[in-house]
Structures are given as C-alpha cells and as structure tokens.
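Student: Have a look at this one before I ask anything.
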Amino acid sequence: MTKNKIKFDIKAYAIAKSFVLRPISMRESIRLDIERIIRNALAIEKTPYGRKKNTNTVNESRRYRGYPDMSQDIQMSKTIGCCRLVYNNMKSDKDEALKKTGKLVKILPTKYKNMEEYSWLNEVDALALSNVQLRSERAYSDWLSGKSGKPCFKKKHVASDSYTTNVVGNNIKVTKDGLVLPKVPGVIKLDIHRPLPENGKIKSVTVTREPDGKWYFSLLFELPEKEETFSERIQKFIETGDMDVLNHIGLDMSLPYMYVDSNGHHPSYELKDNIIEFQKQYRGLQDQIAREQRRLSKMQKHSKNYEAQCIRIAKLHAKAKHRRNDFLHQMSSRLSKAYDVITIEDLNMAAIKQSLNLGKSVSDNGWGAFVTMLEYKCRREGKLLLRVDKWFPSSKTCSVCGHVHHDLQLGDRTYECPVCGNVMDRDEQAAINIDNEGLRILKEVFKVA
C-alpha cells in the first residue's frame with residue numbers, strides 16, 4: 001500500500017469512527033485535529049447507545065410507558081423508598097468515616113439488611129440496592145477526582161424516583177403481555193410503541209416514576225456491533241471527490257425558531273396534510289402553570305389537596321417536555337435522513353443560558369437536546385455532522401464577497417454588506433456561512449480541489 005493511500009485510509013477511518021468532527025479552530029491544523037481523533041479513537045464519544053471499549057457489542061435502550069396495577073405500584077414505590085434510604089445511610093456512614101480516618105470505606109447493602117430495624121429491606125429487589133452502592137461509590141469517586149461536587153442526601157419528593165435492576169438468570173422477562181420484574185407481582189403492562197431490537201439481550205431495566213405519577217421502563221439491550229459505514233453518496237464523494245453528489249445543509253441556532261437553515265427555512269414538517277411548526281412549549285403553557293402555582297401557594301403544605309395540585313402542575317410541565325421532545329425527534333430524524341452533511345456551530349449552551357437573561361428561552365429552545373439527537377442519528381444513518389468553531393464569524397461574514405463586517409451589532413437582524421451591498425437576514429446568512437465552512441473542512445480533510 002502506498003504512503004498516500006495509508007494517509008487517506010487513516011483520515012477516512014478517523015471520521016468513520018466518530019461520524020462527528022470535533023470543533024476545529026481556525027488556528028489549528030486539520031491534520032493535527034485528525035491525529036488527535038485517531039489517538040483517542042476508542043473514547044471519542046459517549047453515544048446514547050452506550051458504546052463499550054474493546055468489545056464487539058453495543059448497548060441500546062428502549063423506553064416504554066408502563067401501566068402497573070395497585071399492588072405493582074406499591075411494590076415499586078417501596079423499592080424506590082428503600083433505595084433512597086440505603087443511599088442516604090451510605091452517605092452518612094461514608095462522611096463519618098471520611099471525617100475520622102480520612103479514607104473512604106466500602107459499605108454493602110447487607111449491612112443495613114441485617115439490622116433488625118431495617119429488616120423490611122429484604123422485601124425489595126436486592127439488585128436494586130446493589131446498584132445504589134455502585135452509584136454511591138461512583139458519586140464519591142467523581143467528587144474526589146474533581147469531576148463533580150460532593151454527593152448530597154436524597155430527599156423525598158425532590159430526588160428523582162427511580163431504581164435500576166439487572167438481569168440474573170431469568171428474573172427479568174419481556175412477554176407479549178408485558179414486563180416481569182423481580183419482587184414485583186404479576187406482569188406489568190407496557191405500551192410497546194417501538195419494536196424490541198432483534199437479537200437483543202436484556203441487561204438491565206431502569207424503573208422511573210415521573211413527577212406526574214406516570215411510570216416508565218427503560219430496557220437496556222446488548223446487541224452485536226454493526227460495522228459503521230458511510231451512506232452511498234458520501235462513499236461516492238470519497239471515491240470521486242465530487243462535492244455535487246452530497247446533500248448538505250448548515251444550521252444556525254436561533255432562539256425564536258430553534259434554528260434557521262442555509263435555505264432560509266425554519267424547522268417544520270408535514271404530518272397528515274398539516275404543517276407542524278416550531279413552538280416554545282413552555283411559553284405556551286406558562287400562564288396556565290403560573291395560575292396553578294398560585295393556587296398551590298394558598299394550600300396547606302403536604303395536605304391531600306396540596307399533593308393533588310403538585311401532580312396537576314407536574315402534568316403541565318410533562319406536557320411541555322413531551323411536546324418539545326417529540327418535535328426535536330421529528331426534525332432530527334428528517335434531517336439525518338435527507339442530508340449527507342449537516343454543519344452546526346459548536347456552542348456552549350450553558351454559557352448562553354447565563355448571559356443576557358436568556359435562560360428560560362434557551363431551555364425552551366431545546367437546541368442542546370436537538371444536537372445530541374442529531375449526533376447519534378447521523379451516526380446511525382452513516383451521515384456526517386460537522387461542527388465549526390464557535391469563534392467562526394458566521395454572522396459577520398458576507399456570504400457573497402466574504403467581507404467581515406466587524407461593526408455588526410447583536411441587535412442588527414438584517415445584514416447589509418458595506419462592500420458589495422448584499423442585504424440578507426442575519427440568521428440565514430450565518431447558516432450559509434456555516435454550511436460553506438463545513439464544506440471547506442470536508443475538502444481539506446479529503447484534499448479535494
């Protein structure tokens with residue numbers, strides 16, 4: 001194999017392995033960035049599929065709505081409460097040992113199960129309590145390594161209501177009637193809206209009770225790893241270097257519309273002869289939520305009416321969340337199937353939330369979740385998601401003549417080029433520049449003239 005052929009294969013492998021080009025600074029060399037990706041090829045991304053290192057399998061999850069009966073609801077609620085108690089006791093004992101000896105001690109759930117006052121811990125799933133131990137150890141490990149803050153106690157009605165159990169033998173089964181879990185009586189009815197993955201082996205189940213009282217079950221499957229390949233058009237581009245065979249688009253994040261693409265369009269899709277457009281779901285329900293919260297403030301705390309009103313408010317928040325996520329999934333699926341190359345900016349959404357009092361608008365926009373969905377869906381479809389550097393002047397650069405208009409202010413929503421006279425919507429021009437920058441990166445990586 002020739003030297004040039006080896007270089008070409010290395011670059012193709014680096015992109016094929018990640019399907020996501022990391023942010024490329026204008027001051028950095030493309031080659032150095034590719035070499036960095038290759039060196040870290042085994043740990044490039046943590047995908048929603050939960051890719052493992054050095055194995056021939058991948059993990060993929062499916063989340064389904066469940067409809068437990070009264071006895072099943074009571075047992076799962078009891079398990080959640082026991083997990084919370086064990087976690088809090090472990091934290092208390094570890095903090096005390098750390099204060100006295102300066103070292104962390106390993107505590108097993110059996111310590112509390114063998115106590116007479118906690119004998120009822122034997123009534124719940126033992127594997128759920130073992131997972132609490134693992135989460136506790138991981139939390140303290142991350143704290144001591146500086147990755148996160150010190151673990152806190154879990155408070156009822158504040159901490160998330162969930163627990164995880166693992167498959168041992170045949171203790172967890174998915175049947176045509178529903179889901180069988182350890183220590184939970186009967187079969188839990190599931191709404192299987194998506195087919196279970198073929199050749200999948202169940203590894204664990206995470207049971208979650210949302211604040212609105214609904215139960216969800218996340219099933220983790222182990223699947224044989226499939227070879228990642230590019231789509232036909234990208235493979236043709238690699239072979240011929242012809243950019244015209246690619247369907248490409250650039251997306252510029254926009255607070256009012258989520259994004260504006262390089263064709264000048266806002267996110268929307270057609271469903272049953274209806275055009276579904278982007279809406280800020282929380283803003284639409286904000287007045288109703290505020291009204292219900294005012295009613296809550298006048299009720300006696302922890303009374304029956306108070307708890308019922310909390311559920312009523314939680315249902316409104318859940319409605320906004322589910323509507324937003326549905327739209328994000330619809331748009332990310334359509335984009336990943338329609339385009340071979342999608343280019344976006346590498347934005348720090350946490351920093352944007354904290355600036356200019358935009359926290360609520362940025363959160364309701366859903367851009368961060370949208371990008372996460374695009375990443376794994378582009379990887380699944382064999383497409384490329386490129387990120388340009390956040391300091392790339394996409395809004396200030398004229399898409400016609402290339403002049404950088406440094407005097408452009410944030411409040412100027414229309415771009416007027418002082419050199420060539422080009423007049424265009426600011427966000428549309430930014431999307432065009434982002435698309436062009438993505439193509440430029442692609443040409444440099446594959447040495448296309």
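Student: Being under 30 Å from K447 (Cα atoms) and either modelled with pLDDT of 95 or more or surrounded by 14 or more Cβ atoms within 10 Å (Cβ to Cβ) (or both): is that true of I30 here? Spell out how you get there, then give the answer.
Tutor: Numbers: under 30 Å from K447 (Cα atoms): yes; either modelled with pLDDT of 95 or more or surrounded by 14 or more Cβ atoms within 10 Å (Cβ to Cβ) (or both): yes.
Considered against the rule, which asks whether it is under 30 Å from K447 (Cα atoms) and either modelled with pLDDT of 95 or more or surrounded by 14 or more Cβ atoms within 10 Å (Cβ to Cβ) (or both), I30 comes out as yes.
Student: Given the structure, is I289 assigned to a helix (DSSP H, G or I), at pLDDT 95 or above, at negative phi and touching a Leu at 6+ places or on another chain (Cβ under 6 Å)?
Tutor: So I289 fits the description; yes.
Student: Quick one: K301 ticks every box in (1) over 25 Å from E375 (Cα atoms); (2) more than 19 Å from the chain's Cα centre (by Cα); (3) surrounded by 14 or more Cβ atoms within 10 Å (Cβ to Cβ) except a single one, so which number is it?
Tutor: Every listed condition holds for K301 apart from (3).
Student: Any residue in segment 87-103 that is under 13 Å from C152 (Cβ atoms) sitting within a Cβ distance under 7 Å of a residue that is in a helix (DSSP H, G or I) and among the aliphatic types (A, V, I, L, M)? List the pairs, counting only those 6 or more apart or interchain.
Tutor: Hits for this filter: Y87/V132.
Student: Working only within segment 239-265, note down all residues that are crowded, with 16+ Cβ neighbours inside 10 Å and of a type in the set (V, I, T).
Tutor: I249, V260
Student: Looking for whichever is under 24 Å from the mean Cα position of the chain (by Cα) and either acidic (D, E) or assigned by TED's automatic domain parsing to the domain that holds L386 (or both) here; the options are E227, E232. Which one fits?
Tutor: E227
Student: Also, quick follow-up: Has segment 362-375 got any residue that is over 30 Å from Y282 (Cα atoms), in contact with a Ser or Thr (Cβ under 7 Å, 6 or more places away or on another chain) and in the same structural domain as V245 (by TED's automatic domain parsing)?
Tutor: no
Results for (1) modelled with pLDDT of 90 or more; (2) in contact with a helix residue (DSSP H, G or I) (Cβ under 9 Å, 6 or more places away or on another chain); (3) surrounded by fewer than 21 Cβ atoms within 10 Å (Cβ to Cβ), shown as yes or no for each residue.
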{"residue": "I313", "(1), (2), (3)": "yes, yes, yes"}
{"residue": "L316", "(1), (2), (3)": "yes, yes, yes"}
{"residue": "H322", "(1), (2), (3)": "yes, yes, yes"}
{"residue": "I344", "(1), (2), (3)": "yes, yes, no"}
{"residue": "N348", "(1), (2), (3)": "no, no, yes"}
{"residue": "A351", "(1), (2), (3)": "no, no, yes"}
{"residue": "N357", "(1), (2), (3)": "no, no, yes"}
{"residue": "F370", "(1), (2), (3)": "yes, yes, no"}
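Student: Would you check if there is a residue in segment 293-308 being under 24 Å from Y216 (Cα atoms) and among the polar types (S, T, N, Q)?
Tutor: Looking through segment 293-308, none of the residues is under 24 Å from Y216 (Cα atoms) and among the polar types (S, T, N, Q).
Student: Would you call V260 in contact with a strand residue (DSSP E or B) (Cβ under 6 Å, 6 or more places away or on another chain) and either in the same structural domain as I74 (by TED's automatic domain parsing) or charged (D, E, K, R) (or both)?
Tutor: Spelling it out, it is not the case that V260 is in contact with a strand residue (DSSP E or B) (Cβ under 6 Å, 6 or more places away or on another chain) and either in the same structural domain as I74 (by TED's automatic domain parsing) or charged (D, E, K, R) (or both).
Student: Find the residue count for segment 96-134, including only residues that are surrounded by 14 or more Cβ atoms within 10 Å (Cβ to Cβ) and closer than 20 Å to S77 by Cα.
Tutor: Total satisfying the criteria: 15.
Student: Checking D389 against (1) buried (at least 21 other Cβ atoms within 10 Å of the Cβ); (2) touching a Pro at 6+ places or on another chain (Cβ under 8 Å), which test does it fail?
Tutor: (1)
Student: May I ask you to list pairs of residues, at least six apart or on different chains, whose Cβ atoms are under 8 Å apart, with the first in segment 359-377 being over 19 Å from R334 (Cβ atoms) and of a type in the set (V, I, T) and the second being in a helix (DSSP H, G or I) and modelled with pLDDT of 95 or more?
Tutor: none
Student: Now a separate question. Against the definition (surrounded by 15 or more Cβ atoms within 10 Å (Cβ to Cβ), aliphatic (A, V, I, L, M) and not in a strand (DSSP E or B)), how does I202 come out, yes or no?
Tutor: No.
Student: I want to confirm something. Restricting to segment 134-170 and keeping residues that are part of a loop (DSSP other than H, G, I, E, B) and among the hydroxyl-bearing types (S, T, Y), which single residue is farthest from D93 (Cα to Cα)?
Tutor: Here the residue is S160.
The values are calculated or read from the model by the stated rules, or taken from the named source; none is laboratory data. In this text the structure is predicted, and so the values were computed from the model without any measurement. Glycine gets a Cβ as well: all are built from the backbone with ideal geometry, and neighbour counts include every protein chain shown.
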